[in-house]
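Computed from the coordinates by the stated procedures, all read-outs in this text should not be read as laboratory data. The shown structure was predicted, so the numbers you read here are calculated from the model rather than taken from an experiment. Here Cβ is always computed from backbone atoms with ideal geometry, including for glycine, and neighbour counts include all displayed protein chains.
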Amino acid sequence: MIDRQQPQTNTSHVDSAVDDCWTRIGVQGDRSCPELARHTHCRNCQRYSAAGRKLLDEPVSPADCDFWTHYYAQPPELAQPELQSFTLFQVCNERFAIATLCCARVANMRPVHRLPHRSSSAILGIANIHGELIVCVSFAALLSLQTSNTTTGTSEGKLLLTRWRDGPVAFVVDVVESVQKIATSQLQSLPATIAQTKTRFTKAMLALGDTSIGVLDESLLEAAVRHNLA
C-alpha cells in the first residue's frame, strides 16, 4: 500500500518571510484589524494576496521534490470494486436477489383478502400491513414455479414489501435470507441452458457457494405485476 501522507515540510523560512497578520488581527485572530471593516474578509485584502504570491514563489525544498518524485513513480492503487446491495430470498427451493433499494421492509404473513373479479393466480388479494392495505402477489405463481402452501398465502411465510412507482407491493415468499453487498464483477450473464422459469424476470446470475441466484430485473418485474393487476 502506498503511503499517501504528505511530508511535514519545514516552513520556518517561509514564516519568517511572510507577515501572517490574518492569524493575529484578522479573521483567524482577534479581528482587530481596521481593514476588516472595508474588506470584510482577509482574503479580499492586498496584504493577504501578496503573502500568497510570496509563498507560491518560494523554491521547492529538496524534501518535497523527493517525496513527490517517489509518489508519482509508484503504480496506481487498485480501485475498490463497485458494490451493489441485494436482498436475497427463497421461493420453492429457488433463490433470487433483488436490489435492496426496491425493498421497504419484511413482514410476517397475515390474512389476505381476495379481490373480486381477478382471475390472475399471481394476485392473491390485499392485506393490512401496518395499517396500510397492500396488494399481495404470489412470486411463485408469477414465475410459474411449483407452488406450495407458503406461496398461496395460507401458511407461514414472509411478505417482502417492495415499492414501485404505482405503489407498494408485497411479494409472498418462503424465506427472506439476508441483505448482502455484491461486487459488480460477481454478476454473470444468463447462460442459454438455464431453465426459462428462472430467467423470466432475471437480468444476471450470481454464484454464491454452490448455488446460482437469479438477480431480478426490477423493470420487468414491475411490468408483470402491472399486467396482472390490469
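Structural remarks
- Label zone at Q186 (point 7 Å along Cα-to-Cβ), backbone N below 19 Å, segment 207-228: 207-218
- Percent breakdown of C-alpha pair distances by 5 Å bin, ordered from the shortest bin, for segment 83-229: 2, 9, 21, 23, 22, 13, 6, 3, 1, 0
- Overall, the ratio between the Cα radius of gyration of segment 12-73 and 2.2 N^0.38 Å, rounded to two decimals, is 1.47.
- Among E132, E94, E177, E82, a tally of other beta-carbon atoms within 10 Å of each Cβ gives an order, fewest to most, of E82, E132, E177, E94.
- Backbone HN-Hα couplings from phi across segment 50-62 [Karplus 6.51/-1.76/1.60, Hz, Gly and Pro as x]: 5, 5, x, 5, 5, 5, 5, 7, 5, x, 6, 6, x
- Qualifying trypsin sites (Lys or Arg not before Pro) in segment 36-72, where qualification requires a DSSP coil assignment and no more than 14 other C-beta atoms within 10 Å, are lacking entirely.
- Highest to lowest packing among 162-173, 20-31, scored as the average C-beta count within 10 Å: 162-173, 20-31
- Computed lengthening from R105 to K54, 0.36 nm per intervening residue step minus Cα-Cα distance: 12.4 nm
- A straight Cα-to-Cα reach below 14 Å connects K181 with the aspartates and glutamates E82, residues fewer than 8 places away in its own chain not being considered.
- Here segment 72-135 has an Rg and Dmax of 20.7, 72 Å, counting Cα atoms alone.
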